[in-house]
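Below is one structure, written out as structure tokens; the observations come after it.
The values are calculated or read from the model by the stated rules, or taken from the named source; none is laboratory data. Every value quoted in this text rests on a predicted model; they were computed, and no experiment measured them. Cβ atoms come from the backbone with ideal geometry, glycine included; neighbour counts cover every protein chain shown. To get the accessible areas, we keep the full protein, side chains included, count just its heavy atoms, and leave off ligands, DNA and RNA. Shrake-Rupley method; radii C 1.70, N 1.55, O 1.52, S 1.80 Å.
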Amino acid sequence: MIVAQIRPDIGGVSLISIPRDYWVNLQNGNQSKINQAFSDGYLKNKDFNQGGQWARAAAENLSGLTIPYFAVLDFSGFEKAINQVGGVNVLVDRTFTDYQYPDSGIGYLPPITFNQGMEHMDGTRALEFARSRHAAGVEGSDFARSARQQKIIQAFKEKVLSLNLVSDAGTINSLLGTFADHFHTNLSPGEILHIYNLVKQKEIKDFVSLSLDPSTSLVCPEIRQETGAYTLVPCPGKTAGDIANFFKNAFTYGKITAEKSMVWLSNSTGDRKAYNEAVNKLTSAGITVLELPYKGQALSQNVFYQVNPKPATAEFIKNTLTATEAEVAPPGVNADKNKVDIIVILGGTNP
């Protein structure tokens with residue numbers, strides 16, 4: 001399940017993958033993994049719109065967003081759509097092999113390998129890349145699979161825009177024929193065209209890809225005592241509001257993630273509670289934090305100093321910690337550009 005946000009006002013699109021193992025309350029009163037929402041809603045009356053409504057409700061409860069639309073594309077339609085635009089170019093981050101990729105029956109295909117680097121993929125190859133989850137190492141996780149699915153979506157978007165489909169009636173009709181059999185949505189054709197035009201005309205340049213996985217420090221694994229099932233739930237000390245902020249601030253978090261900043265943090269007043277609160281806010285945004293021993297004078301306010309320019313991280317620190325930017329490094333601190341990007345000293349103003 002992926003939540004998409006389109007922001008023509010800032011020229012951005014964000015995709016946030018929700019792990020299928022996230023534990024939620026469904027509309028029928030049952031508790032289950034979030035990927036069950038669409039299935040249970042659909043099977044109630046064999047109604048795709050009802051399945052979409054259940055999935056939207058589950059995603060809304062998690063994200064705090066109002067989500068008016070849904071879209072579902074089955075595997076066969078996925079392959080055909082990729083083929084009808086001539087395939088997609090995808091960057092494979094690391095080499096991996098899946099020895100247990102399912103065939104069309106109850107067995108497995110021969111081992112499938114993807115090599116690091118750019119690859120042109122047809123529909124079948126793109127589906128294998130998007131679905132694979134039995135490789136050894138990092139690529140065998142559901143979280144890696146979510147990242148690969150987003151890569152395919154982005155590559156398909158780039159290919160569709162490059163083809164200028166608005167002026168290509170033949171390709172449009174071909175895709176619509178595919179979608180009629182394999183694609184289900186509550187978007188009207190006019191709304192789909194409107195979204196396309198927004199993306200095309202507003203020069204969408206920022207494409208943010210995120211995943212609500214344990215690396216965010218927001219969700220943690222939990223084994224259900226009654227069934228032994230692996231699930232994901234809010235981490236200790238994290239709230240529904242923290243997770244909703246992750247979705248709300250997706251564009252900021254996406255830029256912060258790309259900057260990969262190292263922050264040294266200290267509290268000049270010795271207030272450990274304020275220090276721990278600041279650590280939680282920074283790490284929840286994907287910022288790496290190390291504690292800085294600080295023996296200077298207690299400050300009356302929170303300040304930060306950029307050792308290396310990290311504009312998104314600096315803006316986040318400024319707004320979230322109510323911090324003022326300093327022009328020089330704190331006295332007695334070795335601001336080594338190879339070891340730290342931003343130094344933050346907390347003072348009398350609690351974050």
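The helix-based estimate of mean residue ellipticity at 222 nm for the chain, built from -39,500 (n - 2.57) per DSSP H run of four or more residues and divided by its residue count, is -12000 deg cm²/dmol to the nearest 500.
Taking all protein chains together, Cys220, Cys235 sort by accessible area into Cys220, Cys235, largest first [probe 1.4 Å]. Under a GNM of the chain (C-alpha, springs under 10 Å), which listed residue has the highest mean-square fluctuation: Arg133, Arg145, Arg272? Looking only at Arg133, Arg145, Arg272, the biggest GNM fluctuation is shown by Arg272.
Couplings 3J(HN,Hα) for the stretch 32-40, derived from phi with the Karplus relation 6.51 cos²θ - 1.76 cosθ + 1.60 (θ = phi - 60°), are 6, 6, 5, 5, 7, 4, 5, 4, 5 Hz, where x marks Gly and Pro.
For the chain, the longest principal axis of the C-alpha atoms and the axis of helix 272-284 are separated by about 30°. Within the listed set Ile112, Ile243, Ile82, the Gaussian network model of the chain (springs between alpha-carbon atoms below 10 Å) gives the highest mean-square fluctuation for Ile112. So how tilted is helix 250-259 from the main axis of the chain? Cα-based, degrees 0 to 90, rounded to 10. Helix 250-259 sits at roughly 70 degrees to that axis. Listed by chain and number, the lysines whose alpha-carbon sits under 22 Å from that of Lys80, ignoring those within fewer than 8 places in the same chain, are Lys151, Lys157, Lys159. For Glu226, Glu60, Glu128, Glu327, the ranking by accessible surface with the largest value first comes to Glu327, Glu226, Glu60, Glu128, using a 1.4 Å probe. Of Gln154, Gln201, Gln306, the residue with the greatest mean-square motion in the GNM of the chain, using alpha carbon springs below 10 Å, is Gln201. Please work out the Cα center distance from the stretch 21-60 to the stretch 175-244, rounded to the nearest Å. Value for the Cα centre distance between the two parts: 14 Å.
Normalised per residue, the accessible area of the chain is 52 Å², obtained with a 1.4 Å probe and no contribution from ligands, DNA or RNA. Taking all protein chains as shown and a probe of 1.4 angstrom, Leu127 keeps an accessible surface of around 10 Å². Surface composition of the chain: carbon and sulfur make up 51 percent of the accessible area, probe 1.4 Å. Shown here: percent of Cα pairs over 34 Å apart, derived from the displayed model; of the candidates (1) 36; (2) 20; (3) 26, it corresponds to (1).
Straight-line cross-link partners of Lys238 among the lysines, defined as a Cα under 17 Å from its Cα and at least 8 positions apart when in the same chain: Lys248, Lys273, Lys281. So what's the angle, to the nearest 10 degrees on a 0 to 90 scale, between helix 311-320 and the longest Cα principal axis of the chain? Roughly 70 degrees between the two axes. With a ≥ b ≥ c the root eigenvalues of the C-alpha gyration tensor of the stretch 188-271, is it rounded (a/c under 1.5), prolate (a/b larger than b/c) or oblate? Oblate is the answer for the stretch 188-271, as a/c is 1.5 or above yet b/c matches or exceeds a/b. Taking Cβ atoms as reference points and 11 Å as the exclusive limit, the residues near Lys80 contribute a net charge of -4, counting Lys and Arg as +1 and Asp and Glu as -1. Only lysines eight or more places from Lys337 in sequence, or on another chain, were considered; those with a Cα closer than 22 Å are Lys255, Lys260, Lys295, Lys310, Lys318. When DSSP beta bridges are limited to those with both residues in the chain, what percentage is antiparallel, rounded to the nearest 5? So the antiparallel bridges in the chain amount to around 60 percent.
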